[in-house]
Each structure stands twice: as C-alpha cells, then as structure tokens.
Amino acid sequence: MLGCSVAVLTPIDDDEIRVLLGAYGLGSLRAREGIAAGSVNSNFAVESSAGRVFLRLYEEQALAGAKKETAMLGRLARAGVLTPAPLRRLDGELVSVVRGKPAAIFPWKDGTIRCQASVAVQDAWRVGEALAQVHVAGRTEAIEGGRFRFEDLLVRLDRIEASGDVRFVGLVPALRAALARIHAARDRELPQGLIHSDLFRDNVLWKRGGRIAALLDFESACRGTYAYDLMVTMLSWCFGDDLEPRLSTAMREGYESVRKLSEAEKNGLYVEGAFGALRFAITRITDYAMRTSTDGPRVIKDWRRFMKRFDKLESLGVQGTQEALFPRRG
C-alpha cells in the first residue's frame, strides 16, 4: 500500500503491536511485516483478526505535527480526495505513541504502481484530475510553507559545499546561481494553498481497470503554488528520456477538468517547474547521492535526472513550456 517512499527505522515488537491494535479495537495480531524502502518514516503491514492495516511511525514529526497531518488527511478523504483516512482509536484520537514516537493506523489499500514506460495518456489525465481535487479540497487548510523553500535549499547547498565531497562540491556555484535566478523570477501572486508537493509515480496506487486506488504520502504536503505542484507532478509522470507532450497535455487537461489555470499560472509554469527540478536535483544529492560511496550500488534516485529536466525546461522557456501543456490544435 503506502510503502514506496518510506522505511523501517524504528523496530517494534509483537507485544507493542498487540497493545496498539487493542487501542483501535482491531482484534488480535496474526502477522506483521516491515516495509523496507526510503528514509522518512517506519512503516508496517499488519494483519489482524479484523483485517489488514497499515501502521506508520513518524520518525521526524513530533506528536503535534502528526496530529495535524492525520486530521488533515481525514478532512481531505471526507472531501472526496482519494487518500486513506486514518483510523480512530477507541478513545477518539487519531494518533498513538509507540516507543516515544507518534503512530497512526490506516486502512490497507491494494494497488499497483506505474513504471514510467507503462504510463498512458489516460493515467496522466486521471493524475491531473486527482491533483486538482487535492487543491480544491485543501483550500481552507491552514498549513505552513514546508521543508523545501528557497532558504531550505540554500542550506542544503551549504551542506554540500562544506562536505568536501569532490563529486559534488564543484556543482554548488552553478546550482546556487540557477536557484537564485529562478527564485527571483517566481510570481509571488500566483494562487496558493495546500499542495501535495511529491505526487510521484510511487505515491499513486492503481486498481485493475485503470482507476486510481489511492494517493499516498502527504509527508511533504505544505502551502505552495498550485502551478508548482502541477509541474512537479508533470516532471515525474510525463518525462522519460524526454518530455512527452501527449502526457503533459493530458495531465493538464485532467487538472483543468476540476480547476482552471489562470493566465498568470500558465505564464508561471516554466519558472515553477524549473524551481521544482532544482529542488529535486539538490535533495537527491544531499539525501541519496552523498550517502552512497563511489564504489557502492547505483543510486536509484539520481539527481542528474532532474538536472536533465531542468535543462529541458530551460530550453523550452516560458512559451515552449506552455506549448508542451497547451499544444496548438489543427
């Protein structure tokens, strides 16, 4: 279910899970399995006599943050967003504490994940539609600016520079200059609200028949521009060896079936996308590449893939990026 961008960082034993299941009225423990991938939270598939559930331990968020996130997910689910609502404990709370860390339980959602080669036009359309539903449903959410602002990315560049890692130190001046230029060009008046900020292919589950089963991992959800969120999603779903206009157009059309883009947003697509590409290039260096030795395994989340996306957007510019999402007909 929710397992593609998460990990098992805090082990817990069967007795702790039994106590937790009792707090939710979920019966007895039959089996459990850690979901080992990623680096943010600890996650488990748990089989109980009441059925299968997903258990998350929040590794970075404090109790207050976990309560805020789970409450938000409940509101989004009730508003029609395709994300699992957290289960409530028998005392009415959404969040428990295990080994001093916040924990939440969600209903299990079966589904498959699309690889890039399998993404079809209709898939891109449905993802665009689902993203717009998040934006519309989350308009009233009071949420902060997140962990990947301009200032946060500068701190990461400082960390790369201070690391002395000869593989990446030489990249910093060009990355810093590009980031400053793109940041200065962003339109501060673009519509903003709750954004997912990370709706990559591994954060969408699919049913048989091509319908979306669930949107996953709102860990990076924050306040941001809707155009930025659309472009981040497009860079994940609509880019193989190169940008695929048939997919980017379908995603934009699906999005606009729910929420129309303003003229200012259309004009801002290039800059918002470029900022997103730089964000993921930088974070993939700090969070993945710098943790991998030169003779270690190949880094799956390769920062160079997002520099390639950045270069593509740079070559397209404002007009070319618009045409990739709004092609001329006839």
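Hey, does segment 199-222 have a residue that's within 12 Å of the chain's Cα centre (by Cα), closer than 26 Å to residue 329 by Cβ, modelled with pLDDT of 95 or more and of a type in the set (A, V, I, L, M)?
no
Between residues in segment 76-99 that are at positive phi and residues that are open to solvent by 50 Å² or more (accessible area, probe 1.4 Å), which pairs lie under 7 Å by C-beta distance while being six or more apart or on different chains?
80/133
For segment 151-170, which positions are in contact (Cβ under 8 Å) with a residue 24 or more places away in the chain and closer than 13 Å to residue 290 by Cα?
156, 157, 159, 160, 163, 165, 167, 168
Find all pairs meeting these conditions: Cβ atoms under 7 angstrom apart; at least six residues apart or on different chains; first residue within segment 254-283 and basic (Lys, Arg) and at pLDDT 95 or above; second residue open to solvent by less than 20 Å² (accessible area, probe 1.4 Å) and part of a helix (DSSP H, G or I).
Final answer for the pair search is 259/132; 259/135; 279/153.
Condition check ((1) over 21 Å from the mean Cα position of the chain (by Cα); (2) over 30 Å from residue 207 (Cβ atoms); (3) surrounded by 13 or more Cβ atoms within 10 Å (Cβ to Cβ)) across all residues:
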| site | (1), (2), (3) |
| --- | --- |
| 118 | no, no, no |
| 141 | no, no, yes |
| 156 | no, yes, yes |
| 164 | yes, yes, no |
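Hey, can you tell me all the residues within segment 292-313 that are over 21 Å from the mean Cα position of the chain (by Cα), surrounded by fewer than 15 Cβ atoms within 10 Å (Cβ to Cβ) and at pLDDT 80 or above? Let's see the steps before the verdict.
To start, the set of residues in segment 292-313 that are over 21 Å from the mean Cα position of the chain (by Cα) comprises 292-298, 311-312.
With the extra rule that they be surrounded by fewer than 15 Cβ atoms within 10 Å (Cβ to Cβ), the set shrinks to 292-298, 311.
Result: 311, single match.
Within segment 72-96, can you find the residues that are open to solvent by 20 Å² or more (accessible area, probe 1.4 Å) and under 18 Å from the mean Cα position of the chain (by Cα)?
Matches in segment 72-96: 77, 82, 85.
For segment 191-221, give me the residue count where each residue is open to solvent by 10 Å² or more (accessible area, probe 1.4 Å) and not in a loop (DSSP other than H, G, I, E, B).
Result for segment 191-221: 5.
The values are calculated or read from the model by the stated rules, or taken from the named source; none is laboratory data. This one's a predicted model, so the numbers in the text were calculated from it and none came from an experiment. Note that we place each Cβ from the backbone using ideal geometry, even for glycine, and neighbour counts take in every protein chain shown. What goes into the accessible areas is simple: the full protein's heavy atoms, side chains included, and nothing from ligands, DNA or RNA. Shrake-Rupley method; radii C 1.70, N 1.55, O 1.52, S 1.80 Å.
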